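Some notes on the structure that comes next.
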Amino acid sequence: MKKYVLLLTVFLFPCVLYAQELNLIPYPNEVTRLKDNLLIAKNSRFYTDNQKFKGVVNYLNEDLNKAVKKALAMQKIQISINGNNTTPGSYTLSASGKIIKITAADRAGVFYGMITLSQLYRSAKSDYTNMILPGVKITDQPRYQWRGFMLDESRHFFGKKVVKSILSWMAFYKLNRFQRHLTDAQGWRFEVKKYPLLATKGGKGNFTDSTAKAQYYTQKDIKEIVAFAKRRNIEIIPEIDMPGHATGATSAYPELSGGTTPGYENFTFNPAKETTYKYLSNVLKEVRTLFPAHVIHIGGDEVTLGIKAWETNPDVLRLLAAKKMTDYRQAEFYFLKRIADTVQKLGCRVMCWDEAVPAGLPTAKVVVNWWRQNKPESLAEALNKGYKVVLCPRLPLYFDFVQDSTHVSGRKWGKLYNTYLDVYHFPENALADTVYKKANVIGLQANLWTETVVTKKRLEYLLFPRLAAMAEAGWVAEPTKNDELFNKRLSAHLQYYKQAGLYYYDPFNPGYH
Ligand code: TNX
């Protein structure tokens with residue numbers, strides 16, 4: 001008996017420690033240490049002969065390696081696309097001696113290989129002339145295709161600089177979808193040429209200050225951010241929230257309102273007027289030209305908060321009679337079907353929140369954000385209908401919930417809040433494998449609603465380090481997760497946050513909140 005214990009201590013313990021020893025997040029699928037270290041002359045810049053990937057390599061030089069100011073030496077990266085490997089985003093990186101090689105299935109894979117290299121580079125040791133990195137062969141691919149983040153800028157507006165910083169950190173963590181929640185009750189936040197008042201009037205006020213001057217993105221800003229994201233392998237998904245959460249729009253164009261209920265002034269679009277559809281299809285046309293993702297999110301959440309107003313709205317009553325509808329939710333579904341149809345005619349996929357699952361949207365080409373973790377039946381129904389699903393349950397993926405019991409600013413339901421380890425262990429800690437292993441579950445997404453988020457500082461405090469935990473949850477499965485090893489790697493990343501001047505939560509040294 002004693003012998004076995006001894007064996008375990010001697011052989012297994014060092015093995016476990018050896019695992020995940022590099023400061024990489026998300027941790028790659030397979031890491032083999034090579035005998036020779038990788039040596040990169042100090043102040044090197046990377047380059048490639050492969051024309052197609054010059055831009056990607058330049059990105060590495062510019063954004064991820066800011067410490068390198070001058071090109072004293074050149075370090076070549078060999079890049080090739082391997083047509084046999086069809087898993088999107090997969091890559092191998094081999095680096096030792098003076099040779100760095102990335103082989104990938106696609107451009108995303110090349111980018112991820114580069115990010116892995118840049119993370120290695122950040123914690124490299126150096127001697128007088130060289131940066132010394134461990135020699136490695138890495139074989140890697142993402143677990144989920146959709147690894148997203150959503151920012152609500154209707155409740156509070158953060159602007160280009162903050163958004164670009166988020167996008168750069170997302171890229172650093174290999175996240176690849178950014179959902180922009182730019183319209184809601186507290187403000188419409190982007191320019192629509194055909195209806196200028198949406199931004200200039202609908203963009204006035206925010207959640208904490210109804211008198212704030214209009215804040216919104218011009219179409220030029222939107223394009224600039226789309227290009228910035230594209231360079232970082234991130235697709236932007238625009239959301240136009242409807243028919244509820246529409247007060248930003250209806251405050252600018254009151255004729256579009258479906259009515260008012262106590263506490264929810266002009267909360268819905270009127271589902272019974274042709275002018276509503278004309279107007280929204282013009283808005284969607286502009287959205288289509290601004291965002292190349294070919295996915296438009298049409299909202300569909302919490303319409304019932306404002307639906308009572310429809311019971312006394314003569315237009316809606318007429319619609320119900322004409323279509324022989326017996327219930328107001330049928331008017332909601334009628335609205336969503338018409339809008340979904342418009343979006344599809346524009347050549348885009350439809351996305352929606354999970355309340356819209358029973359609406360009977362026209363085809364299976366629908367992607368659902370499942371957020372109501374207390375309604376597993378809604379997730380089941382979406383999957384039964386053949387919809388694709390992105391998991392973003394409130395617990396643990398809503399980042400407006402605080403990270404720790406001691407935190408005072410942010411959302412908390414009694415003892416319920418979302419620690420970075422809850423995020424890290426998703427989805428296994430929250431869902432049955434019969435659910436999250438379904439092929440139609442295409443990924444996960446963290447959402448930051450900003451009713452309680454007024455400053456950039458608070459935003460960062462809610463994002464970090466949970467964004468890192470979420471990136472690893474989207475990349476690897478539970479058997480390779482280990483709190484102790486993750487914490488060790490995370491400690492190194494907290495230093496990067498510090499160097500970048502972020503205001504982050506430090507779980508190992510909790511002090512401020
Ligand atoms: C519900 S999640 C909402 C948002 C709120 C959020 C706060 C969803 C689709 N709708 O409008 O901001 O809760 O946690």
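Count of segment 112-148 residues, restricted to those that are surrounded by 16 or more Cβ atoms within 10 Å (Cβ to Cβ), of a type in the set (V, I, T) and not in a strand (DSSP E or B), is 2. Is one or more of the residues making up segment 246-263 at pLDDT below 95 and in contact with a Leu (Cβ under 9 Å, 6 or more places away or on another chain)? There is at least one residue in segment 246-263 that is at pLDDT below 95 and in contact with a Leu (Cβ under 9 Å, 6 or more places away or on another chain).
Could you tell me which residue of segment 166-175 is surrounded by the most Cβ atoms within 10 Å (Cβ to Cβ), considering only residues that are in contact with a strand residue (DSSP E or B) (Cβ under 9 Å, 6 or more places away or on another chain) and part of a helix (DSSP H, G or I)? Out of the qualifying residues, it is M170. Given the conditions (1) over 29 Å from K481 (Cβ atoms); (2) modelled with pLDDT under 95, which single one is not true for S154? Result: S154 passes all but (2).
Across segment 317-353, the number of residues qualifying as more than 23 Å from K388 (Cα to Cα), of a type in the set (A, V, I, L, M) and in a helix (DSSP H, G or I) comes to 6. Looking at W188, W169, just one residue is over 23 Å from W475 (Cβ atoms) and among the aromatic types (F, W, Y), and that residue is W188. Among the helices (runs of 4 or more DSSP H) confined to segment 176-280, the ones with at least 1 residues that are within 16 Å of the ligand (Cβ to nearest atom) are located at 247-252.
When T363 is tested against the conditions (1) more than 21 Å from the chain's Cα centre (by Cα); (2) in contact (Cβ under 8 Å) with a residue 24 or more places away in the chain, the lone failure is (2). Taking segment 377-397 as the range and being within 16 Å of the ligand (Cβ to nearest atom) and either closer than 17 Å to E428 by Cα or at pLDDT below 95 (or both) as the test, the residues that pass are L379, V389, V390, L391, C392, P393, R394, L395, P396, L397.
Between L290, L284, L280, L319, the distinction of being surrounded by 14 or more Cβ atoms within 10 Å (Cβ to Cβ) and within 12 Å of P243 (Cβ to Cβ) belongs to L280 only. Within segment 452-484, the residues that satisfy the criterion of being surrounded by fewer than 21 Cβ atoms within 10 Å (Cβ to Cβ), more than 17 Å from the chain's Cα centre (by Cα) and not hydroxyl-bearing (S, T, Y) are V454, K456, K457, R458, A477, E478, P479, K481, N482, D483, E484. Put simply, of V192, V162, V136 the only residue that is under 15 Å from the mean Cα position of the chain (by Cα) and of a type in the set (A, V, I, L, M) is V162.
The values are calculated or read from the model by the stated rules, or taken from the named source; none is laboratory data. All of these numbers come straight from a predicted model, not from anything done at the bench. Glycine gets a Cβ as well: all are built from the backbone with ideal geometry, and neighbour counts include every protein chain shown.
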